[in-house]
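The values are calculated or read from the model by the stated rules, or taken from the named source; none is laboratory data. Remember, it's a predicted structure, so these values are computed and weren't measured experimentally. With ideal geometry, Cβ positions are generated from the backbone for all residues, glycine too; neighbour counts draw on all protein chains shown.
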């Protein structure tokens, strides 16, 4: 029989980590905000307690399987001192949701842009998007070129096509299998997601910890998130993808099994001379968590120009 005190620890772990991540954001000078966009659309965003005009604005967009705090708490302190940092929960994650039927990353992008402009008075920013957040970041850059100064796309399969699934580019056979892994509802599926996301996944994690994480983090808006996944791929063709013109940094884990590295090279070719591709060795899809020092190093170097230009203006 599993000892009761260990079982109790299992079922406090996720809540404790969530508290820790939230406290990290608060300690970095951010506060939780909510913006009502109308039509049943509410977006939650961590924003500076006081925005300084002398700093450039930086928007961080999380990927699937995470909220804003869980994805970025490890990196936040590197940027909060030099940027006005904004970290929203995308729709159907954390405190953000909509009653409307839209499930496209374009709709997400327009909602985020409204939050930044209407909710926080930010009209020009650099954007960092991880995985699904990269899809949203790309759409923001394409639709609002005057607002997006620089773009970082991390393991974001923006250049995938619907035919890639049938042609065997991915580890999964179809969208149903992809959704069952990306939206894990059992400890076994969460372990599978960890194996696909990390080169060296955590081993020996008790099932009760995984079940607790699923219960706290993965049980809300499951059907809506499934629709987000389906919408990404349905009818997608590279020929329909607009080219962005901003200076773009593409970061990829060499052994990414969710969005294979081929999609990184494809994205570099599509964006062209304005894009730089950095491949991080011994890293998978969760490169920002698996190789955080390298990830932050490349981000800081790339974003230095926006700091310099803001300083010159002031």
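Within the range 93-114, work out how many residues are touching a strand residue (DSSP E or B) at 6+ places or on another chain (Cβ under 8 Å) and assigned to a loop (DSSP other than H, G, I, E, B).
5
For the range 116-134, which positions are surrounded by fewer than 24 Cβ atoms within 10 Å (Cβ to Cβ), part of a helix (DSSP H, G or I) and touching a residue at least 40 places away in the same chain (Cβ under 8 Å)?
Of everything in the range 116-134, those that are surrounded by fewer than 24 Cβ atoms within 10 Å (Cβ to Cβ), part of a helix (DSSP H, G or I) and touching a residue at least 40 places away in the same chain (Cβ under 8 Å) turn out to be 118, 119, 120.
I need the full set of residues from the range 184-194 which are part of a helix (DSSP H, G or I) and either touching a residue at least 24 places away in the same chain (Cβ under 8 Å) or exposed (fewer than 15 other Cβ atoms within 10 Å of the Cβ) (or both), in order please.
Hits for the range 184-194 are 187, 188, 190, 193.
Between a residue in the range 81-110 that is on the phi < 0 side of the Ramachandran plot and surrounded by fewer than 19 Cβ atoms within 10 Å (Cβ to Cβ) and any residue that is at pLDDT below 95 and part of a helix (DSSP H, G or I), which pairs come within a Cβ distance under 7 Å, given they are 6 or more apart or on different chains?
82/307
In the set 91, 37, 58, which member is closer than 29 Å to residue 191 by Cβ and in contact with a helix residue (DSSP H, G or I) (Cβ under 7 Å, 6 or more places away or on another chain)?
91
Residue check, residue 248 against (1) surrounded by fewer than 17 Cβ atoms within 10 Å (Cβ to Cβ); (2) over 25 Å from residue 95 (Cα atoms); (3) at pLDDT 95 or above, all met but one. Which one?
(1)
Do we have residue 215 as part of a helix (DSSP H, G or I), modelled with pLDDT under 95, over 19 Å from the mean Cα position of the chain (by Cα) and more than 30 Å from residue 82 (Cβ to Cβ) here? Talk me through it step by step, then tell me what you get.
Values: part of a helix (DSSP H, G or I): yes; modelled with pLDDT under 95: yes; over 19 Å from the mean Cα position of the chain (by Cα): yes; more than 30 Å from residue 82 (Cβ to Cβ): yes.
Yes: the conditions hold for residue 215.
So if I check each of 260, 242, which one is over 30 Å from residue 99 (Cα atoms) and in contact (Cβ under 8 Å) with a residue 40 or more places away in the chain? Before the answer, list the steps.
Numbers: 242 fails: over 30 Å from residue 99 (Cα atoms).
Among 260, 242, only 260 is over 30 Å from residue 99 (Cα atoms) and in contact (Cβ under 8 Å) with a residue 40 or more places away in the chain.
Checking the condition in contact with a strand residue (DSSP E or B) (Cβ under 8 Å, 6 or more places away or on another chain) and touching a residue at least 40 places away in the same chain (Cβ under 8 Å), which residue from 213, 198, 221 passes?
The match here is 221.
Could we say that residue 291 is under 27 Å from residue 182 (Cα atoms) and either touching a strand residue (DSSP E or B) at 6+ places or on another chain (Cβ under 6 Å) or buried (at least 17 other Cβ atoms within 10 Å of the Cβ) (or both) here?
Yes, satisfied.
Condition first: modelled with pLDDT of 95 or more, buried (at least 20 other Cβ atoms within 10 Å of the Cβ) and either in a loop (DSSP other than H, G, I, E, B) or under 17 Å from the mean Cα position of the chain (by Cα) (or both). Can you find one or more residues in the range 160-179 that meet it?
yes
If a residue must be over 14 Å from the mean Cα position of the chain (by Cα) and modelled with pLDDT under 95, how many such residues does the range 56-78 contain?
Total meeting the criteria: 2.
Given the structure, is residue 82 farther than 17 Å from residue 136 by Cα, touching a helix residue (DSSP H, G or I) at 6+ places or on another chain (Cβ under 7 Å), in a loop (DSSP other than H, G, I, E, B) and at pLDDT 90 or above?
yes
In this structure, is residue 229 in contact with a helix residue (DSSP H, G or I) (Cβ under 8 Å, 6 or more places away or on another chain), under 23 Å from residue 127 (Cβ atoms) and either touching a residue at least 40 places away in the same chain (Cβ under 8 Å) or in a helix (DSSP H, G or I) (or both)?
Yes.
So which residues in the range 48-79 are in a strand (DSSP E or B) and crowded, with 22+ Cβ neighbours inside 10 Å?
57, 58, 59, 60, 61
Of the conditions (1) surrounded by 14 or more Cβ atoms within 10 Å (Cβ to Cβ); (2) modelled with pLDDT of 95 or more; (3) closer than 20 Å to residue 159 by Cβ, residue 233 fails just one. Which one is it?
(2)
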